[in-house]
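To start, the structure under review is shown below, and the notes come after it.
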Amino acid sequence: MPDANSPFWNPQAQTLSNEELARLTLAGVEREWERLWSLPLGFYQERYRAAGLGPDSVPDLDDIPLTTKNDLRANEAEHPPFGTHRAVGLRDAVRIGGSTGTSGKPVILMFGPGDLEPSIEHQCRVLWRYGVRPGDKFTHSWPQGFYMSSTSTALWFTRVPILEIPVGPPLTVTMAADHLRLWQLLRPEGFQMTSSQLATYDEAAEREGIDLREIFEGKAIGLLDALFQHEGPRRRVEAQYGFSMRNMAGCGEIPGFGVTDCEFHTGLHVPSDQVALQVVDPATGKQLPEGERGHMVVTAHGFDTFLPRYDVEDICTMTTEPCPCGETGVRYLLLGRDADTVTIDGRGILPIDVQLALDDHGAPEIQFVAQSEQDGSTLKLRIEGEKRQGEYTSILTEALGVPVAVEEVAVNSLPRSSFKPRRISA
């Protein structure tokens, strides 16, 4: 365990030079390529042979075909129940869980014994980056039951060690109030939740006469919402509640891949010693220059789980520029899901683009009209407000550079989520 004053959980791994990280990635990909052809991974073997690849030569990363979650679902439909893409099967798994199904049918995830140690390692780095230290208390509102994180969180909290206080999502305002009273009693030093959940806690605090700022003041919070990676929205919410925010994101298919930014908020730090992250053009699969928007693609190495060039289908930008905190490797800025993109006159617009344009104008809740109702020439939105439809239309038309049609709806009328924010109508 590092000294409590150390800024890093694993200083050696987190400060490797970019050259050394590139060497580790190359060696890791070579090992994964060899393992691919020695395991019964018919899905990948057939896919790669069709692309002209084989076991005798390790291709460049960009030449390995992308794989999406829908590709894996299709493979499982063709070869039920679990497909031919898994390096860890039901008999080998020591942890099993599922995705949330935010972007479609939930996926069953199986992790082997060799997935546990890197998972613990990466999440200990995250906890340390929050600023919590041994003996502290950390609470989170993540789903329990079969959701993947609930099957393994205790592993990394006990490693630090930190007392974990898992309360689950605040499914109702009454449940949220119960959580607040528990936090008043136990006084956790760290929190983790989504922005939707924070809004529910705020409502519960107002209803029950609880001082939410008194609970959060001076504490660390990991908040899941891409909007708060941006300086203005983040500072606004930090000032409102008095906490110190760490932005967070992740991908449940990769063991332990939950990532955060640091105190300097220069992007989400990737565990680059075991995860190669690229931002690519989804049409070509080729890596894009740093700073350009594209799909986030990950290649994990050194796990039991096999995930080469997995297209998460998140829209991101990336950088390898030095961070003032001293941690090296790739950092990325999450902008949203590809499925949430609306194309207007050839330009892709994400919910975050609208939120940022409105942040200095009251930060109202917004919702994109369903894709089936968009016509490709005008961005159609619902925005909560009171006689501000014309104002919102003017602001967004100028900021986005595309025609915008705003339907104003009553404040608090748009649906809220008990977990991940959803700003696209069904």
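The values are calculated or read from the model by the stated rules, or taken from the named source; none is laboratory data. Keep in mind that this is a model prediction, so the values were computed, not measured. Here the Cβ is made from the backbone with ideal geometry for all residues, glycine too, and neighbour counts use every protein chain on show.
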Which residue, of PRO364, PRO351, PRO324, is more than 30 Å from ASP115 (Cα to Cα) and in the same structural domain as TYR48 (by TED's automatic domain parsing)? PRO324
Could you tell me whether SER413 is outside any helix (DSSP H, G or I) and in contact (Cβ under 8 Å) with a residue 60 or more places away in the chain? no
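For segment 365-402, name all the residues that are hydroxyl-bearing (Ser, Thr, Tyr), surrounded by 14 or more Cβ atoms within 10 Å (Cβ to Cβ) and either touching a residue at least 12 places away in the same chain (Cβ under 8 Å) or not in a helix (DSSP H, G or I) (or both). Steps first, answer last, please.
Looking only at segment 365-402, we keep the residues that are hydroxyl-bearing (Ser, Thr, Tyr), and these are 372, 377-378, 392-394, 397.
Next cut, surrounded by 14 or more Cβ atoms within 10 Å (Cβ to Cβ) only: 378, 392-393, 397.
Residues satisfying the conditions are THR378, TYR392, THR393.
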Filtered residues of segment 270-305 (kept if without any contact (Cβ under 8 Å) to a residue 40 or more places away in the chain, more than 17 Å from the chain's Cα centre (by Cα) and more than 17 Å from LEU21 (Cβ to Cβ)): ASP281, ALA283, THR284, LEU288, PRO289, GLY291, GLU292
Out of LEU400, LEU396, LEU335, I need the residue that is farther than 17 Å from ARG293 by Cβ and of a type in the set (A, V, I, L, M). Which one? LEU396
Name the residue that is nearest to ILE215 (Cα to Cα), counting only residues in segment 109-168 that are buried (at least 18 other Cβ atoms within 10 Å of the Cβ) and aromatic (Phe, Trp, Tyr). PHE138
Can you confirm whether segment 146-160 contains a residue that is of a type in the set (A, V, I, L, M, F, W, C), out of contact with any helix residue (DSSP H, G or I) (no Cβ under 9 Å at 6 or more places or on another chain) and part of a loop (DSSP other than H, G, I, E, B)? yes
Filtering segment 246-270 down to residues that are in a loop (DSSP other than H, G, I, E, B) and either over 19 Å from LEU155 (Cβ atoms) or outside the structural domain of VAL132 (by TED's automatic domain parsing) (or both) yields ASP261, CYS262, GLU263, PHE264, HIS265, THR266, GLY267, VAL270
Qualifying residue in segment 329-346 (condition: surrounded by fewer than 16 Cβ atoms within 10 Å (Cβ to Cβ), acidic (Asp, Glu), under 30 Å from ALA283 (Cβ atoms) and not assigned by TED's automatic domain parsing to the domain that holds SER150): yes
Go through (1) closer than 25 Å to LEU186 by Cα; (2) crowded, with 22+ Cβ neighbours inside 10 Å one by one and return the number of the condition ALA226 breaks. (1)
PRO170 - would you say it is part of a helix (DSSP H, G or I), modelled with pLDDT of 95 or more and closer than 22 Å to LEU414 by Cβ? no
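State which residue is nearest to the chain's Cα centre (by Cα) when the search covers only segment 306-318 and only residues that are charged (D, E, K, R) and farther than 20 Å from LEU227 by Cα.
Step by step, filter segment 306-318, then rank; the result is ASP311.
Of the residues ARG416, ARG422, ARG347, only one is farther than 29 Å from ARG246 by Cα, under 27 Å from the mean Cα position of the chain (by Cα), basic (Lys, Arg) and at pLDDT below 95; which?
ARG347
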Single residue of ARG73, ARG86, ARG133 found to be over 30 Å from SER195 (Cα atoms) and of a type in the set (Lys, Arg): ARG86
